[in-house]
Amino acid sequence: LAEMSRKLDSYLSVEDNTFEIQMDELHQDFFRKLKKKFPGLSNNDLRWCAYLKIGLNSKEIADILNIQPSSSYISRSRLRKKLSLKSEEDLYTFLNSKI
């Protein structure tokens, strides 16, 4: 069981790296700019930003991450806080115009 867990962790790490590389290729150093502007973002936050940048909504992201939609809305709210967005600022617009 421990061996399976290590293999799964290794696979997910490679998958995260592949996703980041592909996203950077498509969106001109998106992760580099995001990390520079907001160094406190976690890998999960960065993944969320990428999903939002490509136009996915909270329910679609919840389906991809296999989480409840309510958890998705909470994660989105926490991300907005980390990015210091005002209530009237749209997260999607912010990621597509300021990053």
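Couple of notes before you dig in:
- Taking the numbered list (1) in contact with a helix residue (DSSP H, G or I) (Cβ under 9 Å, 6 or more places away or on another chain); (2) without any contact (Cβ under 8 Å) to a residue 24 or more places away in the chain in turn, ILE74 passes all entries but (1).
- Within the option set ASP24, ASP29, being over 11 Å from the mean Cα position of the chain (by Cα), at pLDDT below 90 and surrounded by 14 or more Cβ atoms within 10 Å (Cβ to Cβ) holds for one residue only, ASP24.
- Residues (assigned to a helix (DSSP H, G or I), surrounded by 15 or more Cβ atoms within 10 Å (Cβ to Cβ) and among the hydrophobic types (A, V, I, L, M, F, W, C)) located in the stretch 42-88: LEU46, TRP48, CYS49, ALA50, LEU52, ILE61, ALA62, LEU65, LEU79
- The residue pairs whose first member lies in the stretch 51-69 and is closer than 14 Å to PHE94 by Cβ and free of Cβ contacts under 8 Å to residues at least 60 places away in the same chain, whose second member is in a helix (DSSP H, G or I) and polar (S, T, N, Q), and whose beta carbons are closer than 7 Å, counting only pairs six or more residues apart or on different chains, are LYS53/ASN96.
- Yes/no for ASN43 being at pLDDT below 90, within 12 Å of the chain's Cα centre (by Cα) and among the polar types (S, T, N, Q): yes
- Taking the stretch 64-99 as the range and being at pLDDT 90 or above and of a type in the set (D, E, K, R) as the test, the residues that pass are ARG76, ARG78, ARG80, LYS81, LYS82, LYS86, GLU88, GLU89, ASP90.
- Against the numbered list (1) part of a helix (DSSP H, G or I); (2) modelled with pLDDT under 85; (3) closer than 20 Å to PHE94 by Cα, LEU8 comes up short only at (3).
- Residue check for ILE54: of a type in the set (A, V, I, L, M) and more than 11 Å from the chain's Cα centre (by Cα): no
The values are calculated or read from the model by the stated rules, or taken from the named source; none is laboratory data. Just so it is clear, the model here is predicted, and its values are computed rather than measured. With ideal geometry, Cβ positions are generated from the backbone for all residues, glycine too; neighbour counts draw on all protein chains shown.
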